[in-house]
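Here the structure is laid out as structure tokens; the discussion comes afterwards.
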Amino acid sequence: MNHLPENHSGAYTDDQLVDLWLSGRPVSTQTVYRPVVVEFLKSLNKGLQEATVADVVAWTESLTGSPATKCRKVSTIKSLLSYAHRTGYNVFNVGLCLRVQRPTSDLHERIIEAEQVPLILDEAAAGRDRILLKFLYASGARISEACSIRFADLRGNRVTLQGKGQKTRTVLIPETVAQELRSLRWVSDTEQSPIFKSYRGRALNVRNARTLVSQAAHEAGVEMSPHWFRHAHASHALDNGAPIHLVSQCLGHQNVATTSKYLHARPTDGASRYLSIPQG
């Protein structure tokens with residue numbers, strides 16, 4: 001006799017299952033995933049255990065936004081449904097029907113030219129704001145990583161960053177940038193104090209940091225997000241001959257293949273250079 005799988009998740013409601021699925025993930029990841037799940041569950045108008053393939057397909061067809069946004073949402077729900085099935089919360093994995101269509105890469109459109117960097121920096125307010133932008137470019141750090149660094153993380157011209165999945169890495173920055181970071185230290189600061197602070201002395205909020213970066217870029221005639229500095233760091237370093245494994249390490253990539261996308265986005269050499277092209 002065939003028996004239905006037993007629920008080993010320990011969850012008795014959809015909310016409990018979602019909390020278990022998100023458990024242990026970085027706060028930044030939870031902040032992105034949870035709204036997608038809430039949107040999906042609301043569209044079902046019934047419990048997750050009652051979801052059918054037709055329900056899931058209907059939801060995907062109702063999605064709006066950019067291809068990248070749709071891809072992220074589909075991947076999120078596919079992961080949730082797989083988890084629900086693996087733990088026995090759902091009898092069937094109705095997420096198997098989902099096909100994640102990877103969007104065409106537009107990375108080449110999100111890399112600023114080296115000549116634009118000083119123009120953007122000049123538009124930022126002197127002091128904290130300008131130093132933050134300079135640090136993002138010099139280190140390749142994510143904006144969330146930059147906002148969380150403390151003086152204890154700065155040793156000489158080395159900064160230890162806490163990246164995704166609570167993984168840490170130490171990056172080398174120019175001594176001039178390290179000195180500017182130290183210049184942000186208040187008399188009342190300790191080693192555990194954040195380097196980038198609000199005017200009340202608390203760690204600079206990521207949202208506010210994004211805003212000040214975007215505003216400086218806008219004044220320089222560039223529409224960009226803080227993450228573009230990370231792209232620029234990788235691309236410009238590779239253009240100048242930096243070993244790809246070193247750039248990969250600085251960015252915190254687990255695989256050099258991830259870093260290689262910058263080579264494809266801005267090729268500095270091509271096979272055509274080795275061809276004899278007829279003239280006229």
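Going through the range 160-210, which trypsin sites (Lys or Arg not before Pro) have at most 13 other Cβ atoms within 10 Å and a DSSP loop state?
Working: sites: Lys164, Lys167, Arg169, Arg182, Arg185, Lys197, Arg200, Arg202, Arg207, Arg210; in loops: Lys167, Arg185, Arg200, Arg202.
Within the range 160-210, the qualifying trypsin sites (Lys or Arg not before Pro) (loop, at most 13 other Cβ atoms within 10 Å) are Lys167, Arg200, Arg202.
What are the lysines whose alpha-carbon lies under 17 Å from the alpha-carbon of Lys197, with same-chain residues fewer than 8 places away excluded?
Result set, ordered by chain and number: Lys134.
Enumerate by residue number the GluC sites (Glu not before Pro) in the range 124-201 meeting two conditions: DSSP loop (anything except H, G, I, E, B), and at most 11 other Cβ atoms within 10 Å of the site's Cβ.
Glu191
Once the convex hull of the alpha carbons of the range 127-231 is built, what does its volume come to per residue, in cubic angstrom? Walk me through the numbers on the way to the answer.
Numbers: hull volume 10.6 nm³, N = 105.
Once divided by residue count, the hull of the range 127-231 is 101 Å³.
Name the shape class, rounded, prolate or oblate, that the alpha-carbon gyration tensor gives for the range 1-92, where a ≥ b ≥ c are the square roots of its eigenvalues, rounded holds for a/c under 1.5, and otherwise prolate holds if a/b is larger than b/c and oblate otherwise. Could you put the intermediate results ahead of the total?
Numbers: a/c = 2.15, a/b = 1.34, b/c = 1.60.
Oblate shape, in that a/c is at least 1.5 and b/c is the bigger or equal ratio.
With a 10 Å radius around each residue's Cβ, average the other Cβ atoms per peptide and rank 62-73, 125-136, 29-40, highest first.
125-136, 29-40, 62-73
For Lys46, list the lysines whose Cα falls under 30 Å from its own Cα; do not include residues on the same chain fewer than 8 positions away.
Result set, ordered by chain and number: Lys70, Lys73, Lys78.
For Lys167, go through the aspartates and glutamates and keep the ones whose alpha-carbon is under 16 Å away, minus same-chain ones fewer than eight residues off.
Excluding near neighbours in sequence, the set is Glu145, Asp153.
Quick note: the coordinates plus some simple rules give every number you see, no bench work behind them. Since this is a predicted model, take the numbers as computed values, not measurements. When we count neighbours, we look across all protein chains shown, and the Cβ atoms used for this are built from the backbone with ideal geometry, even at glycine.
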